[in-house]
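Undergrad: This is the structure, below, for whatever I ask next.
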Amino acid sequence: MGAATPRAWASTSASTGAEEQRRRVVVCGGGGHGKTLIELIRAAATHDVAGVVDDGLAAGTAVLGAPVLGASDVLDRLAAQGVADDGANGVGGIGDLGARIRVSRRIAEAGLASPALVHPAATVEASAEVGPGAQVLCGAYVGSAARIGPWVVVNTGAVVSHDCVLGDHAGISPGALLAGGVTLGDRVLVGMGATVNIGVAVGPDARIGNGATVKADVPAGTVVRAGRVWP
């Protein structure tokens, strides 16, 4: 998806209706981000955590009380047997976004749905839309008419102001601030405490370092170093 081309994203209400309260979700990844999702899902009380899938954890162990069900190759069986209805991407992906993208694809290949997950202590305005697989964590704010694309992570304490458009697999780190009308292309990463000024467009695959201030458009693939002012 190009950053300037909106898609028919699912509303946040799609993942919070009563019809989904008994759906079972498997968290794909048992590291730090996976633990955060387990806590989020339990706090939101819209799904039951069926368990965790992780290539590096032994089956039969547990992550925050959720059983490890095996490696990623068990996802097809979990879906076919009805053990899980949905899959949540528990890979943070800031260091290796490719790993997060691979997990998203694996969830889809297994035939699992990908609900938007919103922490009850986050604020998402009624006119905002949050796409499938996206995650809005504790203390984050998503403003009016904002569009959060599929598999996006809006991390703790981040602000996505009105009319922003975030492309697939974009990542907004803790404490980052996006002013109104910001457009992020697919796979853009915005670091902790970074600030992006009103109306700025950031091209696909760009990286905004921690604490950077972005005052003008950023071309695709550009790295804005931590603490710098762009341009």
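Here, each number is a calculation from the coordinates, and none is a lab measurement. Everything numeric in this text was worked out from a predicted model, so none of it was measured. Here the Cβ is made from the backbone with ideal geometry for all residues, glycine too, and neighbour counts use every protein chain on show.
Undergrad: Taking only Cα atoms of the range 116-231, what ratio of Rg to Rh do you get with Rh as the Kirkwood inverse-distance radius?
TA: Working: Rg = 12.3 Å, Rh = 13.2 Å.
Rg/Rh: 0.93.
Undergrad: How large is the convex hull of the C-alpha atoms of the range 16-114 per residue, in Å³?
TA: Per residue, the Cα convex hull of the range 16-114 comes to 90 Å³.
Undergrad: Also, I was wondering about something else. If contacts are Cα pairs under 8 angstrom and at least 6 residues apart, what is the relative contact order of the range 116-231 in percent?
TA: Computed value for the range 116-231: 15 percent relative contact order.
Undergrad: What's the center-to-center distance, using Cα atoms, between the range 172-202 and the range 82-139 in Å?
TA: First find each Cα centre; the distance between them is then 19 Å.
Undergrad: Let me ask something else. Determine the relative contact order of the chain: mean sequence separation of Cα pairs under 8 Å and six or more apart, normalised by residue count, in whole percent. Each step should come with its number before you reach the end.
TA: Working: 686 pairs, mean separation 31.2, N = 231.
Contact order relative to length: 14 percent.
Undergrad: On to the next question. Quickly estimate the mean residue ellipticity at 222 nm for the chain, helices only: each DSSP H run with n ≥ 4 gives -39500 (n - 2.57), and the total goes over all residues, rounded to 500.
TA: Value at 222 nm, helices only: -4000 deg cm²/dmol.
Undergrad: Right, here's the next one. Stick to the Cα atoms of the range 63-120, pair each with every other, and give me the Kirkwood hydrodynamic radius in Å at one decimal.
TA: Over the range 63-120, the inverse of the mean reciprocal pair distance is 12.4 Å.
Undergrad: Report the Rg/Rh value for the chain, based on alpha-carbon coordinates and the Kirkwood definition of Rh.
TA: Ratio of gyration radius to Kirkwood radius: 0.97.
Undergrad: Toward the positive end of the charge dipole of the chain, about the Cα centre and with charges on Cβ (Lys, Arg +1; Asp, Glu -1), which of 29, 132, 224 goes farthest?
TA: Working it through, the farthest residue towards the positive pole turns out to be 224.
Undergrad: So what is the relative contact order for the range 16-114, in percent, with contacts set as C-alpha pairs under 8 Å and at least six apart?
TA: Values: 187 pairs, mean separation 29.0, N = 99.
Relative contact order of the range 16-114: 29 percent.
Undergrad: Percent antiparallel among DSSP beta bridges with both residues in the chain, to the nearest 5? Walk me through the numbers on the way to the answer.
TA: Details: 3 of 49 bridges.
Antiparallel bridges: around 5 percent, rounded to the nearest 5.
Undergrad: Just to confirm the number: angle between the C-alpha axis of helix 32-44 and the first principal axis of the chain, 0 to 90 degrees, nearest 10?
TA: Computed tilt is about 80 degrees.
Undergrad: Same structure, new question: What is the helix-to-structure angle for 97-109, meaning the angle in degrees between its Cα long axis and the longest Cα principal axis of the chain, kept from 0 to 90 and rounded to the nearest 10?
TA: Taking the Cα atoms of the chain, the angle to 97-109 is about 50 degrees.
Undergrad: Run the dipole for the chain about the Cα centre, Lys and Arg Cβ at +1, Asp and Glu Cβ at -1, nothing else charged, and hand back the magnitude in debye, nearest 20.
TA: Roughly 420 debye, rounded to the nearest 20.
Undergrad: Indicate the gyration tensor shape class of the range 155-199 (rounded, prolate or oblate), computed on the Cα atoms with a ≥ b ≥ c the square roots of the eigenvalues: a/c under 1.5 is rounded; otherwise a/b larger than b/c is prolate and the rest oblate.
TA: On the way: a/c = 1.73, a/b = 1.06, b/c = 1.62.
Because a/c hits 1.5 or more and a/b fails to exceed b/c, the range 155-199 counts as oblate.
Undergrad: Give me the number: length gained by fully extending residue 71 to residue 123, i.e. 0.36 nm times residue separation minus the C-alpha to C-alpha distance, one decimal in nm. Let's see the in-between values first.
TA: On the way: separation 52, 0.36 × 52 = 18.72 nm, distance 3.39 nm.
Between residue 71 and residue 123, full extension yields an extra 15.3 nm.
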